[in-house]
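Have a look at the structure below, then the notes.
Please treat every number below as a calculation from the coordinates, not as lab data. Quantities reported herein were computed from a predicted structural model and do not represent experimental measurements. Don't worry about glycine lacking a Cβ; one is built from the backbone with ideal geometry, like all the others, and counts go over all protein chains shown.
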Amino acid sequence: MPHITLTNGLPGISGLLTQRPDTAAPLNRLAETLLHSPRSLALSRGERELIAAYTSELNGTEFCSGSHSAFAAAQLEGGAELVKAVLADLDGAPVTPRLRALLRIAAAVRGPVRALPAELVAEARAAGADDEQIHDTVLIAAAFCLYNRYVTCLDTELPADPGYYAEGAERIVARGYAPPLD
């Protein structure tokens, strides 16, 4: 049961954002910039969504992990099977060494606040990651620590319909994160 009254009947962050459009606007703009914006060619939309899903999975935020896993699967070659493999066993997952190294950086970001270990940055660079990819990975993981805390700390509900995430993926792929989610 959520810790605050939500009058819209929506699960997870969708309910929180709909309840508070004033805070939804900047949070959606941030998500749009980080995950959907065509500005960055450094990481594909699917890779950015996978970083969000992986961070959310490690943080134990089922709603965000489920949502962003569906959003990543809809945009990555390999789809849901690839996303499941990454979430289950990063080292054994069929991803490029560059993406694996960036996901390791995301895992480090969600831990105690400190500078990234130099060996993680060196591993990412050796695998072909550039400054922009490292920057974007850190920022996406840091933002998802915020989103995950928002959803988890207010104890939002999970969707009753298992198709909720797939419907959300269609909407996000087509429209992005702004305007606020319905």
As computed over the range 17-62, the Cα convex hull volume per residue (Å³): 84
Mean separation of Cα contacts under 8 Å (6+ apart) over length of the range 62-128, as relative contact order %: 20
Hull volume in cubic angstrom per residue (convex hull over the Cα atoms of the range 83-171): 133
On Cα atoms only, tilt of 45-58 relative to the major axis of the chain in degrees: 80
Mean ellipticity per residue at 222 nm, deg cm²/dmol - from DSSP H runs of n ≥ 4 across the chain, formula -39500 (n - 2.57): -19500 deg cm²/dmol
Pair Ala127, Glu77: separation of 7 Å Cα→Cβ label points (nm): 1.8
Computed over the range 112-151, Kirkwood Rh from alpha-carbon pairs, angstrom: 11.2
Helix 62-73 vs. the chain, principal-axis angle (Cα, 0 to 90°, nearest 10): 60
Dipole magnitude of the chain about its Cα centre (Cβ charges: Lys, Arg +1; Asp, Glu -1), debye to nearest 20: 380
Interatomic Cα distance distribution for the chain, bins of 10 angstrom, percent: 10, 40, 36, 13, 2
Crossing angle, helix 131-153 versus the chain [Cα axis fit, 0-90 degrees, rounded to tens]: 30
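May I ask you to order 145-158, 10-23, 44-57, 104-117 by the average number of other C-beta atoms within 10 Å around their residues, highest value first?
44-57, 10-23, 145-158, 104-117
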Sorted peptide list for 24-35, 167-178, criterion being average Cβ within 10 angstrom, highest first: 24-35, 167-178
Efficiency of FRET from Cβ geometry, His135 and Met1, R₀ 41 Å, rounded to 0.05: 0.60
